[in-house]
Amino acid sequence: MADRHLGEQLVERKAVTEEQLGEALARQRMHGGRLGNNLVACGFLSEEELDAFFHQVPLSPKSLDETGLDFSFVFDLAMKHAAQLGSFSLGQLSDGLKLPVTLIEPVLEEMRKKHYLEVKGASSLTKASWTFTVSEKGKGYATELRSACRYAGPAPVTLDAYRRQVEQQTIKSIMVGQEAVSEAFRELIVGSEMLSRLGPAISSGRSIFLYGPPGNGKTTVAEAIGELLPDHIYIPHALLVGGEIINLYDPVSHRLAPAEEASEEKVDRRWLHIRRPVIMVGGEFTLDMLNLDFNPIAKFYQGSLQLKANNGLFIVDDFGRQQMDPQNLLNRWIVPLERRTDFLSLHTGMKFEIPFDQLVIFSTNIEPEELVDEAFLRRIRYKIMIDHPSLDEYEQIFRRVCSSNGIEFREEVFEHLLENYYDRLDVRLNACHPRDIVDHLIDDAHYRGEPPLMTVGAIADAWKSYFVTGSDRT
């Protein structure tokens, strides 16, 4: 489905013909791979042309028609901004709406004709220097508007415009090489065999199932993948769907990227330049979080989690520990994971389609067979086990943790730890143990007002505080 939409965009932009798209899709069905790679293999596009398509920026609209917004909608939104500002200039109103001054001027003129605004002052004859205030009539109209919807942020973009942008910056277009993967995991102790499995999984843009015993780095690996995602993307401040506003930008989930200038025209300010998003949920995750959140007082929506995660990474940590049957989540996502499209509903009953373009990582310490059936596991392309570290890996982790905390690593104390605790008590090595044991050393030393040292006594105290008698024997 997503590849067909991409192909339609390429045809619309006259980058390829319908016939060429058909040939590339036929080749894809036979040989697999991404549509773009098949178009290049067929000789219909060059690598440079394909890369340029996946890195397009939303350009500033030249007319109100190009925004997809009705004049009346922009007028009402501008009135709410004006009432909120009280006293303002044309430029300030333009900045609030994130629309060009040339598009706001006729809206402002209409406000004056309706006697909603008054000119308070001017330093010259040009409208750019005029200062406006909202009249009593205008304040009354703005109050009516706010009772219907209190949204007074940047002008939204249409659902069609959002779909096109998501398709252009799809997670499936990312290219992650061996060097980038090695660099991303440089601070972690991860074997070459594990990296050789993680690399293709990340580069594929497909779902990943991380499983294995607790405390061995599944969450850390998932977070490292998020840092590895290349490129920056554009997301809108808000969407307009069926006359309703959905606030999409979330400063908690979305990290702004450096401003980027388009080659010929300025970027549409209704869009934000961000790093590919990383959304992580754990035991608090519920199915309701996958629905739009309607505020009955403000009367507009907050975007759902999968909407905020588009073009990025969605991590379901501690999968199976949520207060819901895992099968319910799998049933909810089985179609989106396969077709890369999802459906959301407004409180009015209107249902609409959105892209489901994200790399989903399920992380769990429960055996996969206990959580999901074989049919679902088939739809997860990559299943990667994160196991207990080897003795050599455990020592490397311990040395690195000591070094990062300014503690001298003492070989004889480390050997004592292995022989008198791990071996004697038959405790499995866990990747999280070095960090937690050293944290205990530091806490105890700070309490005593002494520098933290790796001694036999300190290790003994840390072990007694950290482990419950008889636990962690597997």
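Derivation of every value follows stated rules applied to the coordinates shown; laboratory data play no part. The shown structure was predicted, so the numbers you read here are calculated from the model rather than taken from an experiment. Cβ atoms come from the backbone with ideal geometry, glycine included; neighbour counts cover every protein chain shown.
For the peptides 106-117, 161-172, the ranking by packing is 161-172, 106-117, with the highest mean count of neighbouring Cβ atoms within 10 Å listed first. Between the beta carbons of E353 and T126, assuming R0 = 56 Å, the FRET efficiency works out to 0.75 to the nearest 0.05.
Computed from the Kirkwood radius of its Cα pairs, the Stokes-Einstein diffusion coefficient for the stretch 287-436 at 37 °C and 0.692 mPa s stands at 170 µm²/s. Using θ = phi - 60° in the Karplus curve 6.51 cos²θ - 1.76 cosθ + 1.60, the 3J(HN,Hα) couplings for the stretch 315-330 round to 9, 9, 7, 6, 4, x, 9, 6, 7, 7, 5, x, 5, 5, 5, 5 Hz; x is entered for Gly and Pro. If you sort the three axes of the alpha carbon gyration tensor as a ≥ b ≥ c, you get a/c of 1.5 or more for the stretch 218-385 and a/b no higher than b/c, which makes it oblate. Based on Cα contacts under 8 Å between residues 6+ apart, the chain shows a relative contact order of 14 percent.
Calculation over all alpha carbon pairs of the stretch 70-155 in 5 angstrom steps from 0 returns a P(r) of 3, 16, 29, 29, 17, 5, 1, 0 percent.
Farthest towards the positive end of the charge dipole of the stretch 3-129, among the residues V11, V101, N38, is the Cα of V101, using unit charges on the Cβ of Lys, Arg, Asp and Glu. Descending by average beta-carbon neighbour count within 10 Å, the peptides 40-48, 198-206 line up as 198-206, 40-48, the highest first.
So, counting K/R as plus one and D/E as minus one, what does the shell of residues with Cβ under 15 Å around T220 add up to?
Working: positive: R186, K218, R400, R435; negative: E187, E223, E227, D317, D318, D387, E393, D436.
Residues close to T220 contribute a combined charge of -4.
Computed about its Cα centre, the charge dipole of the chain is approximately 1840 debye, with only Lys, Arg, Asp and Glu carrying charge at their Cβ. Taking amide H positions as modeled 1.01 Å from N, with prolines and chain starts lacking one, the residues under 5 Å from I361 and 5 or more places away or on another chain are I208, F314, I315, V316. Shape analysis of the stretch 161-315 places it in the oblate category; the axes a ≥ b ≥ c from the Cα gyration tensor give an a/c of at least 1.5, with a/b not above b/c.
Under 13 Å of direct C-alpha separation, and excluding same-chain neighbours fewer than eight residues apart, K127 reaches these aspartates and glutamates: E105, E109, E118.
Calculate the length of the line joining the C-alpha centroid of the stretch 372-420 to that of the stretch 323-346, in whole Å. That distance is 33 Å. Our compactness index for the stretch 117-213, the C-alpha radius of gyration over the empirical 2.2 N^0.38 Å, is 2.16.
Rounding to the nearest 20 debye, state how big the charge dipole of the stretch 313-461 is about its Cα centre with +1 on each Lys and Arg Cβ and -1 on each Asp and Glu Cβ. Don't skip to the answer; put the middle values down first.
On the way: 16 positive and 29 negative charges, 195 e Å.
I would put it at about 940 debye.
If only the Cβ of Lys and Arg carry +1 and only the Cβ of Asp and Glu carry -1, the dipole of the stretch 70-155 around its Cα centre is close to 180 debye. Here the sum of -39500 (n - 2.57) over DSSP H runs of 4 or more residues, divided by the residues of the chain, equals -13000 deg cm²/dmol at 222 nm, to the nearest 500.
Using a cutoff of 8 angstrom between alpha carbon atoms and counting only pairs six or more residues apart, the relative contact order for the stretch 70-155 works out to 38 percent.
Between their Cα atoms, which of K98/K351; K80/K139; K308/K383; K172/K266; K98/K266; K172/K351 are more than 18 Å away from each other? Violating the 18 Å limit, Cα to Cα: K98/K351; K308/K383; K172/K266; K172/K351.
Would you mind getting the Kirkwood hydrodynamic radius of the chain from its Cα pairs, rounded to one decimal in Å? Here the Kirkwood hydrodynamic radius works out to 26.0 Å. Of the residues Y466, T286, L377, the one whose Cα sits farthest toward the positive end of the charge dipole of the chain, with +1 on the Cβ of Lys and Arg and -1 on the Cβ of Asp and Glu, is T286. 3J(HN,Hα) along the stretch 291-298: 9, 5, 9, 8, 8, x, 8, 6 Hz, from the Karplus curve 6.51 cos²θ - 1.76 cosθ + 1.60 with θ = phi - 60°, whole Hz, x for Gly and Pro.
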